Structure formats: C-alpha cells, structure tokens
Amino acid sequence: MNTQLLKARQTRYAAYAAIYILVVLAIVTVVNVLGDRYSKSYDATSNKRYSLSEQTAKIVKGLKQDATITYYDQSTHFQQGKDTLDQYASLSRRIHVNYIDPDKNPQAARQAGIKNYGTAVVEIGDRKEEAKSMSEEGITGAFIRDLKNTKRTICFVTGSGEHQIDDSDRNGYSRLKELLSKDEYQAKSINLLQKAEIPEDCTVLVVGGPKGDYVQPEVEAIKKYVENGGRAFFMLDPPLKLGREEIADNDALSNLLEAWGVTAEKNLILDLNPIGQLVGVGPQVALVSQYGTQPIVNEMKGTTTGFPITRSLAIKSTDKTTVEKLFDSSDSSLATSNLSSAQVKVNDPKNKKGPVTMAAAGTYKTGKESSQGRFVVVGSSSWAANSFINFNGNRDLALNAMNWLSSDEDLISIRPKDREDRRITMTRAQMSWVRNTSQFLLPLFVIVAGISVWWKRR
C-alpha cells in the first residue's frame, strides 16, 4: 500500500513538474515571438538621446507607400548602421531595411553609385536619395527629399540693414541657414533695391529685422507677391531711437501689414517676471511658455521661447485675410512707448500692461482655386539670430514657421535636441575627496565591519 502511494505521489509530482516546465517554455516562446515581432524599448536619457524625434516619427508613420533603406557596408560593420535603422523599422511596417556588402556584391553597389562604406540609400516609389550621414538628420533628410519633389528656396531680403545669412557673428542668421538646410531648404539673399521683384523660385520671403525704411517699390513687390499666393515671414524690431544706431519706423511696410490686419505697434515689451533672471536674461527679453492653437505653435506646449527687444502687435481679420494670434507676452509684462530713453518708468500710466500679442500668422484670399497667400509677423528679429536661436524652443518656432509658410505642415514638430555635454567637472579638492573616499575610506569601512563581525562571533 505504501509503495503504491509513494509511486502515486511521484507520478503526481512528475506530472506537476512536467506541466510547470511546459508552461514556462510556452511563456518564454511567446515572449520571444512577441519580442521579435514587436520591438519595444525605453529611452531613459534626459534628452531622449537614443530615440528618434517627433518629426521623424511623423514622416515615417505618415508614409502612404513602402520605403526601403539599403545600407552599404562591410558585413562585419553592419551593426554600426543597424542600431539606427532598426529604430526606423520599428516605427512603421512600411519600412524595410536591407544590408549589402559592396565587396561581396559590387554590382549592386556600383548600380546604386555607392562610393563609401557606411552609406544608406532611402527609396520611396521611383525616387532614391542617399543619406548625407548616418545620423537621424541625414537619414530623415533623405526621406524628405524623396517625398518633396519640388525645390524649396527661402529668400532673405537684404539692402536695408537686415540680418545676413552668411554672417556668423552673434547678430547673423548663419545658424538659421544651417538649420534650414537640414530640413532640405535652400537659402539665398535677394536685394529688392536692385530689382523690385520677388524671384519665381522663392518659396518663402523673409524680412529679417530691417534697420532702414523700405521704399515704396519694395513694398509693392512684397504686396504683389503675397496677394498672388506667395509666402512671407516678417520680423520687425521696435523703432528704437537710442545712441548712434536707430531703427527706422518703416511706415510703408507697416501700412501694408496693417492693411492685412496686423498692426506693428511702436512700443517695447519688458518682461518683469523674475524667472528671466534665473535663466540668465533681463527684462528686455520677453519669455513665452503658452501658445495658441495655430499649426505653427500647436505642438510647442511646455516649451519656452525668448524674444529680445520685441514690440507688440494688434491683430484683426479683414475681408481678404484671416489672422490668428500665435502667442502673447506674460501677465507680468508691460509695453512702453518711450523708445528714445534707456530709462523706463514701470509705473508710467502710459504703459500698456500685458499680456500683449507678440506674433501672428495670417492667410490672404487670392480668389484663385487652391491658392492662398500666407504671412507670419513677429515683433522681434534677434530671437532668430545666432546668439539666441538655440535658446530653448526658438529654433523649433523658426523652422515650424517656415514649414507652415511653405505648406510643409507634415514637418512641423519639435526637432531632436542637441546632445548634452553631461561630463562631470570637479575641482582639484573634489577630485581628491573622491579618490580618498574610494581608495581609503571605503576599504577601511569594509575592514572595520569585517573585524567587528569576527569579534562578535568570537
């Protein structure tokens, strides 16, 4: 009887063990299959260093047809491209990734025109574009070139003291030009004083902080351009009259904007919020953290932008235009009309209390089917200059405005942030403290603890 009972127990235990093993194997198999089909990862870095940007995700997930990324490199180096390309493949099932070794398949590499190892080619439909680099910017740029068949050119007006796109000083726009090139825009300068006509290849016209007055032929050329379906970006500083360098009132251009529903007021906004001091800026820099719902700023919630030396705008829609506010100054701001003195009386009853409108976007009804003029007006120009465009969300705002003006709404997003330098910098005293702690104090603590335990057990 005992023998039978023992055998029954052993049989039961063996059955339980077999069932447990089968269940564990089934779970492991299912997890591996799901992990192979649905690759998921979590980026715990502060600036999402190992994740693709919202812009890239929007472009890839919005694909209407399959896309193939072909990576050309030696077989032993495929992993260098795989880490990045797998992230693209995980965004959409329309993305297919191939790996070709030019040494083993020279005919395919020669047919694709591959000259260097570590090259990626993005193919969508009958279009192929080589990535300029294996970074996200390079690969996503190839996607954009595939999807955008037309050449897009941003024309910056010169001749009246505007910011220059080839100027690398703090007041230049060379950094903005560089950022535009990463979104596959070309930038060039035009002078309306030499020829009062907007070139046909201009996708967007930029008026970036003129210090002198625009003459009437220039204004008429801009008016004709926008009202015939063109796109224009106006950044107009307040007409300060301080020191040797004065900014003109530019009444002719201001009158044109007013006819479209945007009045550039002759004042200077001062932001008295003490938070500005914490981020290292003074009251002459207006900080913005709340935005409207217009596509340019709709995705910028939670992002701060800064505008040095800015004026307020008054906006209204007209029978030909529809104007929307982009953002206001803070509640703690004020607008002073005293533009000829460096001293500002905060309690002056003539001051206009904030919040006041600082930027607006509008559309112009041309009367033509599938054609409308677009314009953006900001009461400051230095926010997009080299010295300030990297301030928090400034570059996102500038590029989003260009995307909307050029009808590239699918590119509007928050761009990937520059990689942070997170190295620890310590003084000599701090280095000595770390060295002494790791080499002497910690080992001494372990020895003392060991002796203490030995003594108690003894």
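Since every read-out is calculated from the coordinates, none of them should be taken as a lab result. Source: prediction; values computed, not measured. Here the Cβ is made from the backbone with ideal geometry for all residues, glycine too, and neighbour counts use every protein chain on show.
Spin-label model, residue 431 to residue 98: label points 7 Å out along the Cα-to-beta-carbon direction sit 5.3 nm apart. Cβ-Cβ distance of residue 115 and residue 66, R₀ of 30 Å, FRET efficiency by 1/(1 + (r/R0)^6): the value works out to about 0.70. Net charge dipole, the chain: roughly 2500 debye, given to the nearest 20, about the Cα centre with Cβ charges of +1 for Lys and Arg and -1 for Asp and Glu. Taking GluC sites (Glu not before Pro) across the stretch 271-374, the ones in a DSSP loop with at most 10 further Cβ atoms lying within 10 angstrom of their Cβ are 369.
If you stretched the chain out fully between residue 439 and residue 293, how much longer would it get, using 0.36 nm times the residue separation minus the C-alpha to C-alpha distance? Working shown, then result.
On the way: separation 146, 0.36 × 146 = 52.56 nm, distance 5.78 nm.
Value of the extension gain: 46.8 nm.
With both labels modelled 7 Å from their Cα along Cα-to-Cβ, the residue 266 to residue 91 distance reads 4.9 nm. On full extension, the segment bounded by residue 350 and residue 17 gains 111.2 nm, given 0.36 nm per residue less the C-alpha separation. Legend: ranking of residues 134, 358, 431, 300 from fewest to most surrounding C-beta atoms inside 10 Å; resulting order 431, 134, 300, 358. With a Förster radius of 56 Å applied to the beta-carbon distance between residue 166 and residue 370, the computed FRET efficiency rounds to 0.95. Neighbour counts of C-beta atoms inside 10 Å place 454, 404 in the sequence 454, 404, starting with the fewest. Applying both filters, DSSP loop and at most 14 other Cβ atoms within 10 Å, to the trypsin sites (Lys or Arg not before Pro) of the stretch 155-264 gives 170, 195, 244. Here the 3J(HN,Hα) profile of the stretch 342-358, calculated from phi with Karplus coefficients 6.51, -1.76 and 1.60 at θ = phi - 60°, is 6, 8, 10, 8, 4, 8, 4, x, 7, 5, 9, 6, x, x, 10, 5, 10 Hz, Gly and Pro shown as x.
Rounded to the nearest 0.05, the FRET efficiency derived from the C-beta distance between residue 193 and residue 128 at R0 = 45 Å is 0.60. Simple point charges give the picture: +1 on the Cβ of Lys and Arg, -1 on the Cβ of Asp and Glu, and for the stretch 108-207 a dipole about the Cα centre of about 240 debye.
Between rounded, prolate and oblate, where does the stretch 68-124 land on the alpha carbon gyration tensor, with a ≥ b ≥ c its root eigenvalues, rounded for a/c under 1.5, else prolate if a/b exceeds b/c? Oblate.
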